[in-house]
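**Q** Below is one structure. I have some questions about it.
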Amino acid sequence: MLYKAKAPIIEETWQIVSAVIDGDSLRVIGKFTRIEKDIRLYGIDAPETRYGRKLREDEAKSRLAGELLRFMGAQSKEFVNRICPPGTLVTIYTEPGNEIDFWGRQLAYLILPDGTCLNEILIDTGYAKASHEYYCSELPFYQVRNWEAKLAKQGLYAIGEY
């Protein structure tokens, strides 16, 4: 499904993925500006790949072992690496007034070269879940799509609910 942006948005084109950090965070660099920045995908949350505060919180909420959550996080990161590897030319959309997360990363919808939205792909395939931690205008739709992925046991939901 092609992503249809809803105004108002801030659009940044000619961004190149330089690294996949985890299932919901990437690093991009401007093709012409050479400015590098970390991107946190709007409206989704993927399991953590490293042990820390967030993993302990997820462990308590999900009642799953931290090592299982880290395994699921690695699966999510691998999925992102397959569909959006370093070197992929992308466009990022940001909602004005909701641009930066707690850690200083830019919040965004990441649009792939074929016009699809990485945020939506991760929800639909079950490699990330809808999350209100970083609200976005698409969140109500992401929650419905997340429920459908959970019912179909897509992606990580085949392993367990996280």
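What follows is calculated from the coordinates using simple rules that are stated; it is not laboratory data. Since this is a predicted model, take the numbers as computed values, not measurements. In this analysis, Cβ positions are derived from the backbone assuming ideal geometry, glycine residues included, and neighbour counts consider all displayed protein chains.
**Q** I'd like the full set of residues that are assigned to a helix (DSSP H, G or I), among the small types (G, A, S) and either in contact with a strand residue (DSSP E or B) (Cβ under 8 Å, 6 or more places away or on another chain) or surrounded by fewer than 19 Cβ atoms within 10 Å (Cβ to Cβ) (or both), limited to region 150-162. Outline the logic, then answer.
**A** If we filter region 150-162 for residues that are assigned to a helix (DSSP H, G or I), which is where we start, we get 150-151, 155-158.
Applying the additional criterion that residues be among the small types (G, A, S) yields 155, 158.
Answer for region 150-162, where residues must be assigned to a helix (DSSP H, G or I), among the small types (G, A, S) and either in contact with a strand residue (DSSP E or B) (Cβ under 8 Å, 6 or more places away or on another chain) or surrounded by fewer than 19 Cβ atoms within 10 Å (Cβ to Cβ) (or both): just A158.
**Q** Is it fair to say K77 is in contact with a Ser or Thr (Cβ under 9 Å, 6 or more places away or on another chain) and either of a type in the set (F, W, Y) or closer than 18 Å to G23 by Cα (or both)?
**A** yes
**Q** If you take the residues in region 106-126 that are part of a helix (DSSP H, G or I) and closer than 12 Å to G43 by Cβ, which one is nearest to the chain's Cα centre (by Cα)?
**A** Quick first cut of region 106-126, residues part of a helix (DSSP H, G or I) only: 118-124.
Now narrow it down to the ones that are closer than 12 Å to G43 by Cβ: 118-120, 122-123.
Values: L118: 7, N119: 5, E120: 8, L122: 7, I123: 8 Å.
The residue in question is N119.
**Q** I want to confirm something. Restricting to region 58-115 and keeping residues that are out of contact with any Asp or Glu (no Cβ under 7 Å at 6 or more places or on another chain) and of a type in the set (D, E), which single residue is nearest to E161 (Cα to Cα)?
**A** E59
**Q** Which residue out of A46, A19 is surrounded by 11 or more Cβ atoms within 10 Å (Cβ to Cβ), touching a residue at least 60 places away in the same chain (Cβ under 8 Å) and touching a Phe, Trp or Tyr at 6+ places or on another chain (Cβ under 8 Å)?
**A** Numbers: A19 fails: touching a Phe, Trp or Tyr at 6+ places or on another chain (Cβ under 8 Å).
After applying the criteria, what remains is A46.
**Q** Show me the strands (runs of 3 or more DSSP E) entirely contained within region 1-80 in which 2 or more residues are of a type in the set (G, A, S). It would help to see each step written out before you state the result.
**A** Working: elements: 10-22, 25-30, 36-41.
Because the criterion is at least 2 residues that are of a type in the set (G, A, S), the strands (runs of 3 or more DSSP E) in region 1-80 that meet it are 10-22, 25-30.
**Q** Okay, moving on. Considering only residues that are out of contact with any strand residue (DSSP E or B) (no Cβ under 6 Å at 6 or more places or on another chain) and polar (S, T, N, Q), look in region 52-97 and name the one that is surrounded by the most Cβ atoms within 10 Å (Cβ to Cβ).
**A** Per the stated criteria, the residue is S76.
**Q** Select from region 123-149 the residues that are touching a Leu at 6+ places or on another chain (Cβ under 7 Å) and under 20 Å from K77 (Cβ atoms) and write down the one among them that is surrounded by the fewest Cβ atoms within 10 Å (Cβ to Cβ).
**A** First pass over region 123-149, keeping only residues touching a Leu at 6+ places or on another chain (Cβ under 7 Å): 126-128, 130, 132, 134.
Still in the running and under 20 Å from K77 (Cβ atoms): 126-128, 130, 134.
Numbers: G126: 23, Y127: 27, A128: 30, A130: 23, Y134: 19.
Looking at residues that are touching a Leu at 6+ places or on another chain (Cβ under 7 Å) and under 20 Å from K77 (Cβ atoms), I get Y134.
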